[in-house]
Amino acid sequence: MTEQPVYYFDNNATTRIASPVFEAMLPFLKEQWGNPSSAYSFGHDVGRHVDHARTKVAELIRAEPREIIFTSCGTESNNSAIHSALLTQPERRHIVTTTVEHSATLKFCAFLQKQGYEVTFLPVTADGALDLAQLKRSIRSDTALVSVMWANNETGVLFPIQEVAAICRSKGVLCHTDAVQAAGKINIDVKELGVDLLSLSGHKLYAPKGIGLLYVKRHTKYHPYIIGGGQERGRRGGTENVPYIVAFGKAAELALANLAKENTRVRALRDKLETGILERIPGASRNSPVEPRLPNTSNLAFCGVEAEGILMLLDQAGICASSGSACTTGSLDPSHVLTAMGCSASRARASVRFSLGIDNTAAEVDCLLERLPVIIEKLRANAPVDEAAESSIAVSSGSEVP
Ligand SMILES: *Cc1c(COP(=O)(O)O)cnc(C)c1O
């Protein structure tokens, strides 16, 4: 078994299951294994824990428990939201989204295009921002849904979802937001936000991988994505993943309690890391504005150096970070998010994302600040010319790709 990393700066890819979350789910893997839909108390008692978890995740986003559908992941939640908007409004065959969404939205929209639906992918500015006037103009009489993420997983840039939702409301169009990266990091109040649909994922929030939810505002027509039994009030077939639902509930409870910490302690660590790197490493620069941004994310470009090389040497030092999103590393394509912001391919390939979480410490940041300048210097010394750096790394990492 590979040892656990010493220093983990990749919390936007996934998070470690919090101990109270792990403890909370254990009984449902052992003694309390009944089916929550059963009529006898052995099953029904388990159902009460599902109800409790539903209340807790609802509290995290200020929704009502009945507005929550548990899903298998953030990807299913995004797919389901878009799918439902199209199936409940068959006369509407157009979707509006952005070029910087997670692949869970982008790839599903690309698939729908092949099925004959129309999709508008809105561009972003160099700051990663949306042009709201353009968004408004893109909405048509046959638009079924506007799906815009809240917090970008690669850059941490926040979109003004409240304003997006207000525009949608004025146009009579459903609004969905992928809030997977926002949860636990910034305050979520679905009523204030005004969206109709919102996605979350457990494993970005110190719960296990394989559990997510979709918020569906009361009275919104909904068509299930997974059709089967009457679970989730007929909106998602399949026997409930009780242990993970319970875990998600506990994680939501902790997320609410830790929200202030994410915004003070974690933000301070992120700022220390970012300022430290920018001060110590010549040719390093930020790939986003300072604000509006998640408090935990820093995406930085290291001019003339390949991210693949940086990540490899960091890995050898027991430090985890990433280039782009975990779902796209391995491909040599530059990040679609940075490319959409107008970064050159070489700048995008020279970029590394550091994403912090509640377990990170100041000592870990100090260690990174000590190691990284040496790593960058070493890589630059090996490949002083930009193009040479690109081609040599492309060859060496290319051979590792299956
Ligand atoms: C991780 C992530 C997802 C996908 O969630 P899974 O539970 O891994 O399917 C969707 N959107 C964003 C912004 C994410 O960061």
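The values are calculated or read from the model by the stated rules, or taken from the named source; none is laboratory data. As the structure is a computational prediction, the values presented were derived from the model and not from experiment. Cβ placement follows ideal geometry from the backbone for every residue including glycine, while neighbour counts extend to all protein chains displayed. Areas reflect the complete protein model, heavy atoms only, side chains present, ligands, DNA and RNA absent. Shrake-Rupley method; radii C 1.70, N 1.55, O 1.52, S 1.80 Å.
Worth a mention:
- Residue within the range 235-244 that is in the same structural domain as THR75 (by TED's automatic domain parsing), among the aliphatic types (A, V, I, L, M) and under 26 Å from PRO27 (Cβ atoms) present: yes
- Every residue from the range 183-209 that is open to solvent by 20 Å² or more (accessible area, probe 1.4 Å) and outside any loop (DSSP other than H, G, I, E, B): LYS191, GLU192, HIS203, LYS204
- Yes/no for ALA301 being more than 29 Å from ALA207 (Cα to Cα), of a type outside the set (Val, Ile, Thr) and open to solvent by less than 20 Å² (accessible area, probe 1.4 Å): yes
- Residue match in the range 210-232 (condition: under 22 Å from PHE28 (Cβ atoms), open to solvent by less than 20 Å² (accessible area, probe 1.4 Å) and free of Cβ contacts under 8 Å to residues at least 24 places away in the same chain): no
- Tally, over the range 199-221, of residues that are of a type in the set (A, V, I, L, M) and either away from the ligand (no atom under 14 Å from the Cβ) or over 17 Å from GLY249 (Cβ atoms) (or both): 1
- Count - residues of the range 152-182 that are in a helix (DSSP H, G or I) and either open to solvent by less than 40 Å² (accessible area, probe 1.4 Å) or in contact (Cβ under 8 Å) with a residue 40 or more places away in the chain (or both): 5
- Picking from residues in the range 61-79 that are more than 16 Å from the ligand (Cβ to nearest atom) and within 19 Å of VAL242 (Cβ to Cβ), the one that is least open to solvent (accessible area, probe 1.4 Å) is PRO65.
- Candidates ALA247, ALA301, filtered to the one that is outside the structural domain of ASP127 (by TED's automatic domain parsing) and small (Gly, Ala, Ser): ALA301
- Selected residue (only one of THR88, THR105, THR55 is open to solvent by less than 80 Å² (accessible area, probe 1.4 Å) and either within 16 Å of the ligand (Cβ to nearest atom) or within 18 Å of HIS203 (Cα to Cα) (or both)): THR105
- Unique match (being away from the ligand (no atom under 16 Å from the Cβ) and under 17 Å from the mean Cα position of the chain (by Cα)) among VAL290, VAL305, VAL352: VAL352
- Of all residues in the range 1-13, those that are at pLDDT below 95 and open to solvent by less than 20 Å² (accessible area, probe 1.4 Å) total 0.
- Filter pass, VAL119 being part of a loop (DSSP other than H, G, I, E, B) and β-branched (Val, Ile, Thr): no
- Of the criteria (1) without any contact (Cβ under 8 Å) to a residue 60 or more places away in the chain; (2) open to solvent by 60 Å² or more (accessible area, probe 1.4 Å), which one SER37 fails: (1)
- Subset of the range 14-27 (residues that are within 15 Å of the ligand (Cβ to nearest atom) and open to solvent by less than 20 Å² (accessible area, probe 1.4 Å)): THR15
- Residue count for the range 108-128 under the criterion of being aliphatic (A, V, I, L, M), touching a residue at least 60 places away in the same chain (Cβ under 8 Å) and open to solvent by less than 50 Å² (accessible area, probe 1.4 Å): the result is 1.
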